[in-house]
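Engineer: The structure's right below; bear with me while I get my questions together.
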Amino acid sequence: MFMQTATIQNEQGFHVRPAQLVASAAGQYAAAVRIKTEDGRTADARSMLDLMTLGLEKGMAVLVEAEGEGEKEAVEALCQLIESKFGEA
C-alpha cells in the first residue's frame with residue numbers, strides 16, 4: 001500500500017468536474033485507489049458518486065491511498081491532479 005496527502009486547492013472545492021477527472025485518472029490504474037478525509041470518510045476514487053459525497057472544500061486535506069499494481073504511480077498522479085487545482089485557474 002502507498003499513500004500520500006494532498007490539499008484541495010481550487011476555489012470551488014471538489015465539484016462534478018474534479019470528481020470526473022479523479023475517477024477517470026484512477027481508472028487508468030490496476031490498483032484500488034481510495035480518498036480519505038481527515039474525519040475518516042472514505043470514497044472509491046473510481047466512483048464519481050462516492051467522491052461527491054465527501055463534500056471536499058478548498059483547504060481540506062485528503063489522504064490518497066492505493067493498493068496493488070501501480071499503486072505508487074496512481075497515488076502520485078492523483079495527488080498531482082488535486083494539487084494542480086484540477087486544471088482550473
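The values are calculated or read from the model by the stated rules, or taken from the named source; none is laboratory data. This structure is a prediction, so every number in the text was calculated from the model and none was measured. So basically every Cβ, Gly included, is an ideal-geometry build from the backbone, and we count neighbours across all protein chains shown. Areas reflect the complete protein model, heavy atoms only, side chains present, ligands, DNA and RNA absent. Shrake-Rupley method; radii C 1.70, N 1.55, O 1.52, S 1.80 Å.
Engineer: Condition first: of a type in the set (Lys, Arg) and assigned to a helix (DSSP H, G or I). Can you find one or more residues in segment 42-63 that meet it?
Structural biologist: no
Engineer: Where the second residue is of a type outside the set (A, V, I, L, M) and open to solvent by 60 Å² or more (accessible area, probe 1.4 Å) and the first is free of Cβ contacts under 8 Å to residues at least 60 places away in the same chain and lies in segment 7-23, which pairs have Cβ atoms under 8 Å and are six or more apart or on separate chains?
Structural biologist: GLY13/GLU57; GLY13/LYS58; PHE14/GLU57; ALA23/ARG46
Engineer: Residue under question is GLN28, and the condition is that it be open to solvent by 50 Å² or more (accessible area, probe 1.4 Å), at pLDDT 95 or above and farther than 19 Å from MET3 by Cβ; does it hold?
Structural biologist: Here the answer is no, as GLN28 does not meet what is asked.
Engineer: I've got another one for you. Restricting to segment 1-21, and then to whatever is part of a loop (DSSP other than H, G, I, E, B) and out of contact with any strand residue (DSSP E or B) (no Cβ under 6 Å at 6 or more places or on another chain), can you tell me which residue is surrounded by the fewest Cβ atoms within 10 Å (Cβ to Cβ)?
Structural biologist: Per the criteria, the residue is GLU11.
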